[in-house]
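Undergrad: This structure is in structure tokens; I'll ask about it shortly.
The values are calculated or read from the model by the stated rules, or taken from the named source; none is laboratory data. On a predicted model such as this, the values are computed, not experimentally measured, just so you know. In this analysis, Cβ positions are derived from the backbone assuming ideal geometry, glycine residues included, and neighbour counts consider all displayed protein chains.
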Amino acid sequence: MFSHLFMQNLWFFVLALVWVIYIVQESFILGSSIWAMLFTKDQNELKAIQVASGLHWDGIEVWLIVAIGGLFAAFPGIYADTLTLLNVAFFLLLALIITRGISIELMFKDKALIKTMKIAWGVSGVLMLVVLGVYLTNIFYGFSITSTGETGSFLQIFNLTGIFGGIMFLGLGLITGAAWIHMMTKTDVSQRIKKTLKPIAFVATVTTAITLLGLNNNGIAFSNELFVNNWFLWIIPFLTLVSVVAMLIATLKEKIILSFIFASLTFTFYIAAGFIGTFPYMIPSNIAIENGITLYSGSSSKTTLTLMTYAAAIFVPIVVVYQGLKYFKFAKKIDPTEY
Amino acid sequence: MGYFLSLNGILSRIQFGFTAGFHFIFVPLTIGLILLIGIMEFLHYKTKKEIYHKMVEFWSDLFIINFAFGVVTGITMSLQFGTNWGNYSKFMGDVFGSPLALEALIAFFLESTFAGVWIFKRNKISPKARLITVWLIVLGTSISAIWIIVANGFMQHPVGYVLAADGSKVILDNFLLLMTNPYTWYMFFHNHASAIVLSAFFIISVSCYHLVYGKKEDRDVYVRSIEIASWALLIGSISLPILGQDYLRYIGIVQPTKIDKIVTGSSAIVRIAFSIMVTLGTLFVLLSLYLVAFKNKFLKSPTIQKIMIYLIPLPYIAILTGWMVTEIGRQPWIVYNLLTVEEGISDVPTAEIIFTLSLITVYYIILGILDYRLTVKRAKEGLKDGGKG
């Protein structure tokens with residue numbers, strides 16, 4: 001039997017893994033919606049992208065629910081404090097999710113609304129990539145928690161590092177979204193966006209580097225116990241940089257599938273670096289490390305964590321398998337004339 | 001018993017009641033409709049008759065519209081426990097968290113992954129794959145209702161827990177007890193039966209519209225839909241009072257204050273809501289008996305068919321009043337006898353709640369109009385050629 005401490009730590013990293021699985025998939029769905037808004041010539045092209053992305057959207061969104069629901073289940077105290085602190089921000093995120101969900105699923109249900117739906121889908125894609133980047137970066141960057149508690153309003157999340165994190169997510173999402181359209185549709189949309197992609201890859205690379213620097217320089221995000229005690233873990237933020245540079249080179253050479261892989265790796269290493277860096281703090285303080293709220297202070301009981309560990313050990317692999325099979329089953333490029 | 005509710009408490013309650021009520025416009029329709037679509041798809045798979053395929057395609061379009069709205073308004077619910085009910089989440093998290101996480105892992109993934117296939121690819125896969133897909137969605141939607149009702153059942157009648165030494169939270173003690181809470185299962189079956197009643201009613205009303213105003217050549221599709229839905233309505237509406245009797249007796253034991261509100265009228269809203277629900281429930285039983293016994297008479301009477309079209313809000317009202325009895329009847333407790341509503345709210349500035357409540361209200365008004373427009377438009381269009389998604 002596992003100890004309570006072991007399971008608390010385990011669930012911290014399970015949530016990190018869930019965030020990785022979510023963001024990697026969500027980025028190309030979001031990115032594809034932006035390209036669909038800007039670069040489709042007719043409704044057939046739009047429809048091809050909608051079908052390619054819509055097919056998986058529902059299933060992907062559940063990973064976000066698991067990230068939030070899992071936080072609730074494993075760390076109710078942290079869930080309550082985070083969502084209370086970022087109350088307004090979460091409602092803005094919610095408005096974006098609602099807009100996307102409705103537009104992606106019901107785009108062509110009413111002829112008079114197709115144009116509105118297309119714009120709603122694309123604009124919410126831009127904003128949501130930024131919001132997800134700002135949110136995760138802030139979770140790593142920390143909040144203005146003094147020894148007597150939280151002092152700032154939710155507006156503090158729009159600090160420079162957070163904003164760069166948002167632009168980084170937007171840039172990377174545009175890369176993976178373009179590749180997704182290239183891989184999944186028989187349209188020449190991806191040909192048309194080739195040129196635009198290069199400066200975007202450059203911006204994504206620069207903002208990734210600045211965001212990492214910002215996290216390093218606030219003296220909190222990368223100064224917790226894991227990085228201090230295990231020097232080899234520094235390879236994770238280093239690999240974030242390597243991946244993003246590889247993504248840039250691939251994009252400049254127009255190897256779009258490689259761009260997709262390296263952009264996805266950038267997300268993966270970035271989120272891993274952030275969670276490793278803040279461990280064991282779940283709501284870090286950027287005023288003084290010890291003011292942060294650790295995972296231990298708001299976690300569930302041993303019984304609940306044991307139960308959830310078994311459930312996750314059984315069901316996460318099952319879900320990964322059937323969602324993975326779904327990608328394979330529907331890997332054929334979508335011909336716009338067929339829908 | 002008088003109790004104090006602060007402005008934040010009142011606003012948070014309005015917000016939760018509004019968002020939960022709005023979410024519940026879509027949930028029962030999708031739960032019941034996909035079950036009936038599953039039956040139609042099965043009939044098509046067995047008989048290969050084109051009529052069932054046409055039925056599946058038409059009702060699926062209406063399912064998809066409402067499913068999309070159900071999904072997005074459901075995400076609101078999973079965030080709100082933290083944004084507006086932070087102290088409740090801290091108190092309940094250990095017990096509530098695991099059902100919620102299991103719900104996502106087991107049910108949401110299942111229904112969402114395969115709903116995606118159903119929405120976008122159902123005409124690109126084999127008949128067998130279609131049948132499996134639709135039944136996996138049925139399974140997913142049904143299971144997803146279980147977990148959230150486990151949490152609600154606990155709030156009505158807490159079992160399987162111990163209180164933390166400082167009284168600050170409940171701690172899960174016996175998962176089996178939590179899962180076998182009788183309150184949960186009364187609610188689950190009551191809830192499911194009403195979802196079937198609502199969806200069957202919906203199918204009958206929309207079909208009536210087409211019998212009265214629609215094309216002659218499509219008539220057989222709607223008649224067959226009415227036949228299937230009438231039986232579903234009969235089974236659903238009769239099981240409600242049978243189950244309800246027992247449910248009510250049980251509530252009398254575990255939640256005497258709720259029965260007081262229903263019977264003695266110490267809360268006028270609860271008493272009125274209860275009477276409306278029971279009256280409508282009785283009406284549904286009579287209606288379903290009529291539809292099954294006098295089907296041919298009904299099919300020849302455009303007057304009664306026209307009336308049926310306009311009765312479509314009735315099952316929605318019945319479900320809404322049912323929830324009002326359950327949730328208002330529990331007041332002032334958020335977790336019965338353990339935590340009051342006032343103790344459960346988040347510590348956030350009033351201005352923030354006003355902002356989020358306004359944002360969500362504006363958004364939901366737009367969503368409400370959109371859903372109404374899309375559903376009514378699609379319902380009136382009737383069958384389409386080819387059945388392409």
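Undergrad: Looking only at region B:74-81, decide whether some residue is closer than 20 Å to B:VAL223 by Cβ, part of a helix (DSSP H, G or I) and touching a residue at least 40 places away in the same chain (Cβ under 8 Å).
TA: Filtering region B:74-81 for residues closer than 20 Å to B:VAL223 by Cβ gives none.
No, region B:74-81 contains no residue that is closer than 20 Å to B:VAL223 by Cβ, part of a helix (DSSP H, G or I) and touching a residue at least 40 places away in the same chain (Cβ under 8 Å).
Undergrad: Quick one: would you say A:ALA67 is more than 8 Å from chain B (Cβ to nearest Cβ) and either within 17 Å of B:GLN80 (Cβ to Cβ) or more than 20 Å from the chain's Cα centre (by Cα) (or both)? Walk me through it before giving the result.
TA: Details: more than 8 Å from chain B (Cβ to nearest Cβ): yes; either within 17 Å of B:GLN80 (Cβ to Cβ) or more than 20 Å from the chain's Cα centre (by Cα) (or both): yes.
So A:ALA67 fits the description; yes.
Undergrad: Give the residues of region A:91-119 that are among the acidic types (Asp, Glu) and either crowded, with 22+ Cβ neighbours inside 10 Å or part of a helix (DSSP H, G or I) (or both), sorted by residue number.
TA: Quick first cut of region A:91-119, residues among the acidic types (Asp, Glu) only: A:105, A:110.
The one that is among the acidic types (Asp, Glu) and either crowded, with 22+ Cβ neighbours inside 10 Å or part of a helix (DSSP H, G or I) (or both): A:GLU105.
Undergrad: Is there a residue in region A:35-47 that is over 30 Å from A:SER299 (Cα atoms) and touching a strand residue (DSSP E or B) at 6+ places or on another chain (Cβ under 9 Å)? Spell out the reasoning first.
TA: We begin by selecting, within region A:35-47, every residue over 30 Å from A:SER299 (Cα atoms); these are A:35-47.
Still in the running and touching a strand residue (DSSP E or B) at 6+ places or on another chain (Cβ under 9 Å): A:45, A:47.
So far as region A:35-47 goes, yes, one or more of its residues are over 30 Å from A:SER299 (Cα atoms) and touching a strand residue (DSSP E or B) at 6+ places or on another chain (Cβ under 9 Å).
Undergrad: Exactly one condition in (1) in contact with a Ser or Thr (Cβ under 8 Å, 6 or more places away or on another chain); (2) buried (at least 22 other Cβ atoms within 10 Å of the Cβ); (3) touching a residue at least 40 places away in the same chain (Cβ under 8 Å) is false for A:VAL88; which is it?
TA: In the conditions (1) in contact with a Ser or Thr (Cβ under 8 Å, 6 or more places away or on another chain); (2) buried (at least 22 other Cβ atoms within 10 Å of the Cβ); (3) touching a residue at least 40 places away in the same chain (Cβ under 8 Å), A:VAL88 misses (2) alone.
Undergrad: From the list A:THR294, A:THR309, A:THR304, which residue is closer than 29 Å to B:VAL170 by Cβ, buried (at least 17 other Cβ atoms within 10 Å of the Cβ) and touching an Asp or Glu at 6+ places or on another chain (Cβ under 6 Å)? Before the answer, list the steps.
TA: Details: A:THR294 fails: touching an Asp or Glu at 6+ places or on another chain (Cβ under 6 Å); A:THR309 fails: touching an Asp or Glu at 6+ places or on another chain (Cβ under 6 Å).
Only one candidate passes the filter, namely A:THR304.
Undergrad: For B:LYS54, state whether it is part of a helix (DSSP H, G or I), at the interface with chain A (Cβ under 7 Å from one of its Cβ atoms), among the basic types (Lys, Arg) and touching a helix residue (DSSP H, G or I) at 6+ places or on another chain (Cβ under 8 Å). Lay out the reasoning, then the answer.
TA: Working: part of a helix (DSSP H, G or I): yes; at the interface with chain A (Cβ under 7 Å from one of its Cβ atoms): no; among the basic types (Lys, Arg): yes; touching a helix residue (DSSP H, G or I) at 6+ places or on another chain (Cβ under 8 Å): yes.
Taking the combined requirement at face value, the residue does not satisfy it.
For (1) in contact with a Gly (Cβ under 9 Å, 6 or more places away or on another chain); (2) not β-branched (Val, Ile, Thr), each residue gets a yes or a no:
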site: B:PHE18; (1), (2): no, yes
site: B:THR30; (1), (2): yes, no
site: B:ILE75; (1), (2): yes, no
site: B:LYS90; (1), (2): yes, yes
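Undergrad: Might you check whether a residue that is closer than 25 Å to A:ASN87 by Cα, out of contact with any His (no Cβ under 6 Å at 6 or more places or on another chain) and modelled with pLDDT under 95 occurs anywhere in region B:60-68? Full working, then the answer.
TA: At the first step, the residues of region B:60-68 found to be closer than 25 Å to A:ASN87 by Cα are B:68.
Subsequent filtering for residues that are out of contact with any His (no Cβ under 6 Å at 6 or more places or on another chain) retains B:68.
Cutting the leftovers down to modelled with pLDDT under 95 gives us B:68.
There is at least one residue in region B:60-68 that is closer than 25 Å to A:ASN87 by Cα, out of contact with any His (no Cβ under 6 Å at 6 or more places or on another chain) and modelled with pLDDT under 95.
Undergrad: Ok, one more. What is the residue count in region B:281-297 for residues that are free of Cβ contacts under 8 Å to residues at least 40 places away in the same chain and surrounded by 14 or more Cβ atoms within 10 Å (Cβ to Cβ)?
TA: Taking region B:281-297 first, the residues free of Cβ contacts under 8 Å to residues at least 40 places away in the same chain are B:283, B:286, B:290, B:293-294, B:296-297.
Among the residues that remain, those that are also surrounded by 14 or more Cβ atoms within 10 Å (Cβ to Cβ) are: B:283, B:290.
Counting residues in region B:281-297 that are free of Cβ contacts under 8 Å to residues at least 40 places away in the same chain and surrounded by 14 or more Cβ atoms within 10 Å (Cβ to Cβ) gives 2.
Undergrad: Can I ask one more? Note down all Cβ pairs under 7 Å where the first residue falls in region B:176-187 and is touching a residue at least 24 places away in the same chain (Cβ under 8 Å), the second is not in a helix (DSSP H, G or I), and they're at least six residues apart or on different chains.
TA: Sorted first by the residue in region B:176-187, then by its partner, the pairs are B:LEU178/B:VAL159; B:LEU178/B:GLY160; B:LEU178/B:LEU172; B:ASN181/B:HIS157; B:ASN181/B:VAL159; B:TYR183/B:HIS157.
Undergrad: Are there any pairs with C-beta distances below 8 angstrom linking a residue in region B:332-360 that is more than 13 Å from chain A (Cβ to nearest Cβ) to a residue that is among the aromatic types (Phe, Trp, Tyr) and assigned to a loop (DSSP other than H, G, I, E, B), with the two at least 6 apart or on different chains, and if so which?
TA: Listed by first residue and then by second, the contacts come to B:PRO332/B:TYR3; B:ILE334/B:TRP85; B:THR340/B:TYR3; B:GLU342/B:TYR3; B:GLU342/B:PHE4.
Undergrad: A:GLY122: in contact (Cβ under 8 Å) with a residue 24 or more places away in the chain, facing chain B (nearest Cβ under 8 Å) and part of a helix (DSSP H, G or I), yes or no? Even if it seems obvious, please write down each step before you answer.
TA: Numbers: in contact (Cβ under 8 Å) with a residue 24 or more places away in the chain: yes; facing chain B (nearest Cβ under 8 Å): no; part of a helix (DSSP H, G or I): yes.
Against the criterion (in contact (Cβ under 8 Å) with a residue 24 or more places away in the chain, facing chain B (nearest Cβ under 8 Å) and part of a helix (DSSP H, G or I)), A:GLY122 does not qualify.
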